[in-house]
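Heads up: the structure comes next, in structure tokens.
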Amino acid sequence: MSNTQNTASRQPPSFKEAQNFRQKSRAAGLDPDRWYAVEYDSGVKKGQIVEVVFWNTPIALYRSEDGQLSAVLNRCPHRQLKLSHGAVENCQLRCAYHGWSFNREGWLVDFSHDSFGKPLLKKQLRTYPVAIRYGLIWVFPGDPAKAESVEIPNIPELEGDDSWASVTVDFTWNTHHSMVIDNVCDFAHAFLHRKYKPFIDAKLRHFESDENRVFLRYDTFVGGGRFSGLFVDRERINTRSIDLCYEYPYQWSDTGGKIKHWCFLLPIGERKTRVFFVFYFDAFKIPMTSLKTPKWLTQTVLRIANPLLLKPILLEDGIALEAEQEGYDEFWDAPPIELNPVVPLFQQLTAKKWEAYLQGLEKPKEILENA
């Protein structure tokens, strides 16, 4: 057998070929019939086009001159150029090559070389529902007819006049999305964060699962770092326990009803995931007092803590996750050694949801046809 064949035979199995839930979860996509955070609302200006990718499908996200966001399949049907190379003109998206222009509904409305005749397109360019919430742009990459019946996660603490202070941070990691879920829900890796001590001495006390989620609770000491500990109000908040949940395809945590976060995954491909973390707090404690911080001061503390604490902690996770992906790619058939009984439940949920989606998938339809 040649070296090429040896290398090919060592590739991780496909979802269909996988022999267990761990292997299946590492090959699974995420159900496209959900809303996915893809970019910051502030990250797409008027007249700007940004490419986002959902599970190897490129999408051109653009904001027209009236401020409205639109999303279309990122390819022109003429010569297959990415429309993100083009330009926004008023409310239309024009291809950079031959100047074909498409409206928000994906219909060809203008073309520059009419001396050759009008191009006949039976179907419009595929479009995607778009929404804005919590400062993030959300896209529905699946069946658009289902978009209205599927909800974006509800975070009441970030709405209204009494909304909490919050900060959002994102990373793009060269790792499969299922590994991210394992990481953010498994508190057995405190050693990785021994410098910052976001949680200490975690003990799994309870877990339960159903067809849509896996819930778990740890007894642990939250916010044990020398800097972060100064601002945690331990008299008002129970920081010795934390609830976490993999609420497919999202993840959240709750410490004492006062310190919370959501994790939104964007599966770019089999080995790349963009992750948005939204952290929100009702208040901190003013150090050396028993006074709560007002919202403006809580927000200021979060802005300072973001580069000094939150990002460095998550960067440690990213380094570990990318190394885990490399290890899995090489040793995918090694017997798994898993001590946390909840981790296999995460993998099982991911695999079963993807399997259900594939089973219900109709014969793929052509997104765009030429006459």
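The values are calculated or read from the model by the stated rules, or taken from the named source; none is laboratory data. Source: prediction; values computed, not measured. Glycine gets a Cβ as well: all are built from the backbone with ideal geometry, and neighbour counts include every protein chain shown.
Out of the range 167-194, which residues are in contact (Cβ under 8 Å) with a residue 24 or more places away in the chain and part of a loop (DSSP other than H, G, I, E, B)?
Hits for the range 167-194 are N174, T175, H176, D186.
Of all residues in the range 239-256, which are under 30 Å from D33 (Cα atoms) and either in contact with a His (Cβ under 8 Å, 6 or more places away or on another chain) or part of a loop (DSSP other than H, G, I, E, B) (or both)?
Y248, P249, W252, S253
Please give the strands (runs of 3 or more DSSP E) falling wholly within the range 13-106 in which 3 or more residues are of a type outside the set (S, T, Y) and touching a Pro at 6+ places or on another chain (Cβ under 6 Å).
Values: elements: 36-40, 49-54, 57-63, 69-73, 87-89, 92-94.
Here the list is empty.
Identify all residues within the range 221-238 that are closer than 14 Å to F281 by Cα and either within 27 Å of the chain's Cα centre (by Cα) or outside any loop (DSSP other than H, G, I, E, B) (or both); write none if there are none.
V222, G223, S228
Among F227, F215, which is the only one that is touching a Cys at 6+ places or on another chain (Cβ under 8 Å) and either surrounded by 18 or more Cβ atoms within 10 Å (Cβ to Cβ) or of a type in the set (F, W, Y) (or both)?
Numbers: F227 fails: touching a Cys at 6+ places or on another chain (Cβ under 8 Å).
Just one listed residue meets the conditions, F215.
Determine, yes or no, whether D317 is of a type in the set (D, E), crowded, with 18+ Cβ neighbours inside 10 Å and more than 21 Å from the chain's Cα centre (by Cα). First the steps, then the outcome.
Details: of a type in the set (D, E): yes; crowded, with 18+ Cβ neighbours inside 10 Å: yes; more than 21 Å from the chain's Cα centre (by Cα): no.
Taking the combined requirement at face value, the residue does not satisfy it.
What number goes with the only condition from (1) modelled with pLDDT of 95 or more; (2) closer than 30 Å to E326 by Cα; (3) acidic (D, E) that D219 does not pass?
The number of the failed condition is (2).
Output the number of the condition that G135 fails; it satisfies all remaining conditions of (1) more than 28 Å from I304 (Cα to Cα); (2) surrounded by fewer than 18 Cβ atoms within 10 Å (Cβ to Cβ); (3) not hydrophobic (A, V, I, L, M, F, W, C).
Among (1) more than 28 Å from I304 (Cα to Cα); (2) surrounded by fewer than 18 Cβ atoms within 10 Å (Cβ to Cβ); (3) not hydrophobic (A, V, I, L, M, F, W, C), the lone unmet condition for G135 is (1).
Run S228 past the list (1) closer than 30 Å to I132 by Cα; (2) assigned by TED's automatic domain parsing to the domain that holds T293; (3) among the small types (G, A, S) and report the number of the one that doesn't hold.
(1)
Identify the single condition in (1) at pLDDT below 95; (2) charged (D, E, K, R); (3) within 21 Å of the chain's Cα centre (by Cα) that E369 does not satisfy, given that it satisfies every other one.
(3)
Restricting the first residue to the range 142-166 and requiring it to be closer than 21 Å to R34 by Cβ, which pairs with a second residue that is hydrophobic (A, V, I, L, M, F, W, C) meet a Cβ separation below 6 Å and a spacing of at least six or different chains?
Cβ pairs passing all conditions: A147/F140; I152/W35; I152/W138.
Could you please give the count of residues in the range 56-96 that are surrounded by fewer than 16 Cβ atoms within 10 Å (Cβ to Cβ), over 16 Å from V109 (Cα atoms) and in contact with a Gly (Cβ under 9 Å, 6 or more places away or on another chain)?
The qualifying residues number 2.
Quick check on the range 235-251: of everything there that is without any contact (Cβ under 8 Å) to a residue 24 or more places away in the chain and not hydroxyl-bearing (S, T, Y), which residue is nearest to V180 (Cα to Cα)? Can you show your working first?
To start, the set of residues in the range 235-251 that are without any contact (Cβ under 8 Å) to a residue 24 or more places away in the chain comprises 237-240.
Imposing the further condition that a residue be not hydroxyl-bearing (S, T, Y) reduces the set to 237-238, 240.
Numbers: I237: 27, N238: 26, R240: 24 Å.
Applying the filter and picking the extreme gives R240.
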